[in-house]
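Here the structure comes first, spelled out in structure tokens, and everything after it is commentary.
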Amino acid sequence: MLQEIPSGLCFILSGILFTIGAIGAIIRRNVIVVFMCIELMLNAVNLVFIAAANALSSMDGSVFVFFIMTVAAVEAAVGLAIFVMVFRLQNTVNAYEVHLLKG
Amino acid sequence: MEQIVSMIGWKTAKTIAGLVGVLIFVVFNALILTWAERKVAGHMQRRIGPKEVGPYGLIQPIADALKLLGKEILTPRAVDRPLYFLAPILIFVPVLVSFIVIPFDASLQVKDINVGILVILAFSSLSVLSILMAGWGSNNKYALIGAIRSVAQNIAYEIPLLLALLPVIMMTNSFSLKAIVEAQKGLWFVFYQPLAFCIYFIASVAETNRTPFDLPEAESELVAGYHTEYSGMRFALFFLAEYTNIFIVSAIAVTFFLGGYQGPFLPGIIWFLLKSYLLVFVIMWLRWTFPRVRFDQLLNISWKALIPLAFINLLLTGGLLKL
Amino acid sequence: MNFGEIIFLLIIIVTMGGALMAILSGSIVYALMGLVTAMFGVAGLYIYLDSPFLAMMQILIYVGAVSVLIAFAVMLIGPLYRRPKEWTTAGKFGAALGVALVTLFMFVRFVTGTFPRGGNPFFDMTTKEIGRLFFDNLVLPFELISLLIVVAILGAIMLALFSRGNK
């Protein structure tokens, strides 16, 4: 019963998910929310990879997902450290108010 | 009944029956453990513990539960309502999911998933999140500090926990809990991996927020940590989840290191419960033996002692397996 | 429509709802909860696509690590931070609409395009195969990724130490 789901549906789904993420990254100003939207887009890409791996019976997609996940984790670690630093120096994380390169 | 079974399929019906069984077991287990905790505490302090309600005070937890149920459910005015209401329910999900994959006996397992241990570890990260929700939603500084401490601690100890389980997985070539138990027919893994067992045990005591690592709910400084603002039934749910988690970490230790349901003479389920409750007893024993550690000590133990040791153990295991 | 399909539809709805909540909600904490919901939904989809191992990894990494990290950052920043006027201008709205249309167009194009099917149908995406691939063909990227993680951890620690010494 579980195998009957077409992976084409998952492509469309991940397209919608990616679009939601992209819209979010544009309309929000809070850096953390923008970051979350990027994570959302990465998730959508992962979904495409796995759906393709399933459709093509190929292992490459699922291996690539690992790399993406790792990069997402790394990005979270460094990115959030940077956000906290920016907040300490400039007392804001609003992307419109952060315009100094040197604090 | 027949119709329902034929509609959702036999496998699904079996899983649902298993889930109901798990729920009953969770409640029963929490009742026993609260009684045992008070009894153990009493005897360690040269008291008797509860003795009035029922023989040896055995019905005491039921009386406590009735009292908790009868209490007024308070909702403080300033709480963040959705988060506050969702947290006690969400903390229960990982508990139930973990029971699905634990093999109580050779045939007594709700579902043998081939990534079994990963299911438990993945869903236990959800409990971290619900603690965070509880702490944030309560809108109380004690709750928030307790939640943040709990999360820092959980992150720090999840790594040695995973690293201590990995050598066993390397030795059995499987994530399935049943396969791991079956692989211990000859000699239990605790004899191959004593260091991993110690690391796992210390980390699991920290994961369940028990003394000596109970900083998230240190009552002398933080009132009660993240469940300060919860009362009545909601508090009971946190309580239930905590005691069930103690059983789960013990059960995983038994499955991975102490041969699971295997043992001579007695049926498997008896062995399994015997070993698990023995470990639960040790965890309770620790509570009344050691003082609470400081927060910097807590994090240093994990990052500077347990994780390097676990890595060395992992390397040695990998090397020895290839020899 | 059988049991499995109903659950699949539920997962889709939950995923989309979570994603929408993540981008639309005013409070960062709710946005985070939405993100977590969406990630869980995606993990559920992975199970339907025959990769339970990756589904568990998804939960372990995204829910267990990334969202907890975000939650930490929110706790360090959010509670002190005056809520900004988040909402959007006409120009931004237009840009968002454009992005939405272009992306959707591309995806529709992609999905309706011809898609070669290959490989053996009884192909099994086991954990063992993934591991073999990692240590066989992809050793170099695998090692580079681990190097990247080490560098990132060191970088995060340096950032934390630097800000403490600055005070």
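Structure above, values below:
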quantity	calculated
Among residues of segment A:1-15, those that are at pLDDT 65 or above and facing another protein chain (nearest Cβ under 7 Å), counted	7
Count - residues of segment A:53-83 that are in a loop (DSSP other than H, G, I, E, B) and more than 7 Å from chain C (Cβ to nearest Cβ)	0
Failed criterion for B:MET170 (all others in (1) surrounded by fewer than 20 Cβ atoms within 10 Å (Cβ to Cβ); (2) in contact with an Asp or Glu (Cβ under 8 Å, 6 or more places away or on another chain); (3) not hydroxyl-bearing (Ser, Thr, Tyr) hold)	(2)
Flag for A:LEU42 being in contact with a helix residue (DSSP H, G or I) (Cβ under 8 Å, 6 or more places away or on another chain), at pLDDT 85 or above and either within 24 Å of C:SER51 (Cα to Cα) or not in a helix (DSSP H, G or I) (or both)	yes
Only one of C:GLY94, C:GLY98 that is modelled with pLDDT of 75 or more, more than 14 Å from chain B (Cβ to nearest Cβ), farther than 22 Å from A:ILE12 by Cα and surrounded by fewer than 23 Cβ atoms within 10 Å (Cβ to Cβ)	C:GLY94
Extreme residue, surrounded by the fewest Cβ atoms within 10 Å (Cβ to Cβ), among residues of segment C:1-35 that are within 21 Å of B:TRP136 (Cα to Cα) and touching a Phe, Trp or Tyr at 6+ places or on another chain (Cβ under 8 Å)	C:MET21
Which numbered condition B:SER176 fails, given (1) within 30 Å of B:PRO88 (Cα to Cα); (2) away from chain C (no Cβ under 11 Å); (3) in contact with a helix residue (DSSP H, G or I) (Cβ under 7 Å, 6 or more places away or on another chain)	(2)
Filtered residues of segment A:24-52 (kept if within 7 Å of another protein chain (Cβ to nearest Cβ) and under 19 Å from C:ARG132 (Cβ atoms))	A:ILE50
Segments classed as helices (runs of 4 or more DSSP H), wholly inside segment B:1-86, with at least 2 members that are more than 14 Å from every other protein chain (Cβ to nearest Cβ) and touching a residue at least 12 places away in the same chain (Cβ under 8 Å)	B:10-44, B:60-70
Count of residues meeting criterion [in a loop (DSSP other than H, G, I, E, B) and under 20 Å from B:VAL190 (Cβ atoms)] in segment B:261-296	5
C:GLY4 vs. criteria at pLDDT 80 or above and within 14 Å of chain B (Cβ to nearest Cβ)	no
Close pairs (6 angstrom Cβ cut-off, 6 or more residues apart or separate chains): facing chain C (nearest Cβ under 8 Å) and on the phi < 0 side of the Ramachandran plot in segment B:123-136, charged (D, E, K, R) and in a helix (DSSP H, G or I) anywhere	none
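Rundown of residues vs (1) within 16 Å of the chain's Cα centre (by Cα); (2) crowded, with 22+ Cβ neighbours inside 10 Å, yes/no style:
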| site | (1), (2) |
| --- | --- |
| B:TYR192 | no, no |
| B:ALA206 | yes, yes |
| B:PHE213 | yes, yes |
| B:GLU221 | no, no |
| B:MET233 | no, no |
| B:GLU242 | yes, no |
| B:SER250 | yes, yes |
| B:VAL254 | yes, yes |
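The values are calculated or read from the model by the stated rules, or taken from the named source; none is laboratory data. None of the values given here were measured: they were computed from a predicted structure. Backbone-built Cβ (ideal geometry, glycine too); neighbour counts: all protein chains shown.
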